[in-house]
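The values are calculated or read from the model by the stated rules, or taken from the named source; none is laboratory data. Treat the numbers as computed from the prediction; the structure is a model and nothing was measured. Here the Cβ is made from the backbone with ideal geometry for all residues, glycine too, and neighbour counts use every protein chain on show.
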Amino acid sequence: MSDRGVCLITGGGRGIGAATARLAAQRGYAVALTYRENATEANRVARAVEAAGCHALAIRADVGDEEETARAFAAADALGPLTLLVNNAGIVGPVGRLTDVTGPMLEQLYRTNVVGAFLAAKEAVKRMSTKHGGRGGSIVNVSSGASQLGSPGVWIHYASTKGAIDTMTIGLAKEVAAEGIRVNAVRPGIIDTDIHAARPPGQVEQMRKAIPMGRLGTVDEIAHIILWLASDEASYVTAALLDARGGI
């Protein structure tokens, strides 16, 4: 059992989630990570955590399913007390304008990005809250700069789900502040991951040129922000929406 407790990361098999898992292990957390489909990637991350000397568990779960989410948290309980939840799982949906959006597309997006975050936060609060006998902890939601910029012509459907995450972050932070839980969000800009593979040719390069810092962010940079928000250095920080967008 780690002195820092357990860090549970939804969607922890790749990208920001995987980088956060590796860094959390370096900081002394036991790590539980959920994945939906790619067991190979998730188990690779779990092995990296174990190589750092910490316990790890890769759990297959659909975050939008209440029973599967509850089972995932119950499985993670075997590693020790939960002290950090990173709500990272998310999908972007197809690129397109509003007129291309369908009902099923929206249902899938909101089920994963919004319902999933709420269900995971619910399970975390039940374990962390001093009201429920917990020792406190931190929830860090991975939002997106899209919640402010809107992603017109590309992903306004995705952007709207991240707007919901921002609102949930603020509301939940105030709801559980007196129960030993801090809730914050990081809003990454354009990060160098495969999430942008579906964008039209040349669009990422055009977006890069619009970033004042002149480059895309990295998953490791976002992971460091997440672990800072969870650390004692941020002990007076809650309900914060921290932008990491290179100035855009």
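Please verify whether residue 56 is more than 23 Å from residue 166 (Cβ to Cβ) and either basic (Lys, Arg) or surrounded by 15 or more Cβ atoms within 10 Å (Cβ to Cβ) (or both), treating the condition exactly as stated.
Yes.
Go through the range 154-204 and count every residue that is free of Cβ contacts under 8 Å to residues at least 12 places away in the same chain and not in a helix (DSSP H, G or I).
Total satisfying the criteria: 2.
So which residues in the range 22-59 are farther than 19 Å from residue 89 by Cβ and acidic (Asp, Glu), if there are any at all?
50
Six or more apart or on different chains, Cβ atoms under 8 Å: show the pairs whose first residue is in the range 54-74 and free of Cβ contacts under 8 Å to residues at least 24 places away in the same chain and whose second is surrounded by fewer than 17 Cβ atoms within 10 Å (Cβ to Cβ) and of a type in the set (Val, Ile, Thr).
Close Cβ pairs satisfying both conditions: none exist.
Which of the residues spanning the range 140-183 are within 16 Å of residue 118 (Cα to Cα) and of a type in the set (Gly, Ala, Ser)?
Once the filter is applied, which keeps residues that are within 16 Å of residue 118 (Cα to Cα) and of a type in the set (Gly, Ala, Ser), the range 140-183 yields 143, 160, 163, 164, 171, 173.
So residue 111 fits all but one of (1) farther than 15 Å from residue 159 by Cα; (2) charged (D, E, K, R); (3) at pLDDT 95 or above; what number is the exception?
Failed condition: (1).
In the range 136-146, how many are at negative phi and in contact (Cβ under 8 Å) with a residue 60 or more places away in the chain?
The total comes to 5.
Considering only the range 117-134, how many residues are charged (D, E, K, R) and farther than 18 Å from residue 12 by Cβ?
Qualifying residue count, the range 117-134: 3.
On the basis of being part of a helix (DSSP H, G or I) and either more than 29 Å from residue 190 (Cα to Cα) or touching a strand residue (DSSP E or B) at 6+ places or on another chain (Cβ under 9 Å) (or both), does residue 32 make the cut?
So residue 32 does not fit the description; no.
Could you check the range 109-150 and list, in sequence order, the residues that are surrounded by 15 or more Cβ atoms within 10 Å (Cβ to Cβ) and of a type in the set (S, T, N, Q)?
The answer is 112, 113, 129, 138, 141, 143, 144, 147, 148.
Only one residue in 120, 48, 75 is at pLDDT 95 or above and within 16 Å of the chain's Cα centre (by Cα). Which one?
Answer to the selection: 120.
If only one of 12, 28 is loosely packed, with under 15 Cβ neighbours inside 10 Å and in contact with a Ser or Thr (Cβ under 9 Å, 6 or more places away or on another chain), which one is it?
28
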